[in-house]
C-alpha cells in the first residue's frame with residue numbers, strides 16, 4: 001500500500017482554467033512518481049476565504065497521512081500570507097507531515 005497524501009492548491013482570479021487542470025495533473029503525476037496515493041484534493045479559489053485550506057487542516061487532524069503535495073509553496077502563501085516556507089514549517093511540525101512542492105522537485109531534478 002502506498003503512503004497517503006493530501007493535495008492542495010490555490011487559484012488566483014486571473015488563472016485560466018487550463019492552468020488549474022495542469023496543476024491537478026502535475027499533482028497526480030508527482031504523487032505517482034513518488035509512490036504516493038492522493039487521498040483528497042483541497043482547493044481555494046478567489047473569494048472562498050481559505051475554506052479549502054481550512055478543510056485541509058481539518059483533514060490533517062482526522063487522517064493518518066504523511067504527505068501534503070502542492071504545485072509550489074506559492075500556493076500556501078495565498079492563504080497564509082508569508083513566503084510559503086513558514087506555512088510549510090507549521091504544517092510539518094504541527095501535523096508531522098512532509099510538504100512536497102512539485103516545482104521544487106522539478107528544480108532539483110533540473111526540469112524547471
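The values are calculated or read from the model by the stated rules, or taken from the named source; none is laboratory data. Computed from a prediction, not measured in an experiment: that's the story for all the values here. A quick note on method: Cβ atoms are made from the backbone with ideal geometry, for glycine too, and the neighbour counts reach across all protein chains shown.
Here's the yes/no breakdown for (1) surrounded by fewer than 17 Cβ atoms within 10 Å (Cβ to Cβ); (2) within 11 Å of the chain's Cα centre (by Cα); (3) touching a residue at least 60 places away in the same chain (Cβ under 8 Å); (4) under 20 Å from residue 103 (Cβ atoms):
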position	(1), (2), (3), (4)
38	no, yes, no, yes
59	no, no, no, no
65	no, no, yes, no
71	no, yes, yes, yes
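A Cβ distance below 7 Å, combined with a sequence gap of six or more or placement on separate chains, defines the contacts here; from the range 9-20, residues that are surrounded by 12 or more Cβ atoms within 10 Å (Cβ to Cβ) reach residues that are assigned to a strand (DSSP E or B) in the pairs 9/43; 9/70; 10/44; 11/43; 11/44; 11/45; 20/11. Taking the listed residues 6, 76, the one that is touching a residue at least 60 places away in the same chain (Cβ under 8 Å), in a helix (DSSP H, G or I), buried (at least 19 other Cβ atoms within 10 Å of the Cβ) and touching a strand residue (DSSP E or B) at 6+ places or on another chain (Cβ under 9 Å) is 76, with no other qualifying.
Every listed requirement among (1) over 17 Å from residue 20 (Cβ atoms); (2) assigned to a loop (DSSP other than H, G, I, E, B); (3) at pLDDT below 85 is met by residue 35 save one, (3). Yes or no: the range 92-100 includes at least one residue that is part of a helix (DSSP H, G or I) and either modelled with pLDDT under 85 or surrounded by 14 or more Cβ atoms within 10 Å (Cβ to Cβ) (or both). Within the range 92-100, one or more residues are part of a helix (DSSP H, G or I) and either modelled with pLDDT under 85 or surrounded by 14 or more Cβ atoms within 10 Å (Cβ to Cβ) (or both). Take residue 43 and decide whether it is under 26 Å from residue 64 (Cα atoms), touching a helix residue (DSSP H, G or I) at 6+ places or on another chain (Cβ under 8 Å) and in contact (Cβ under 8 Å) with a residue 24 or more places away in the chain. Yes.
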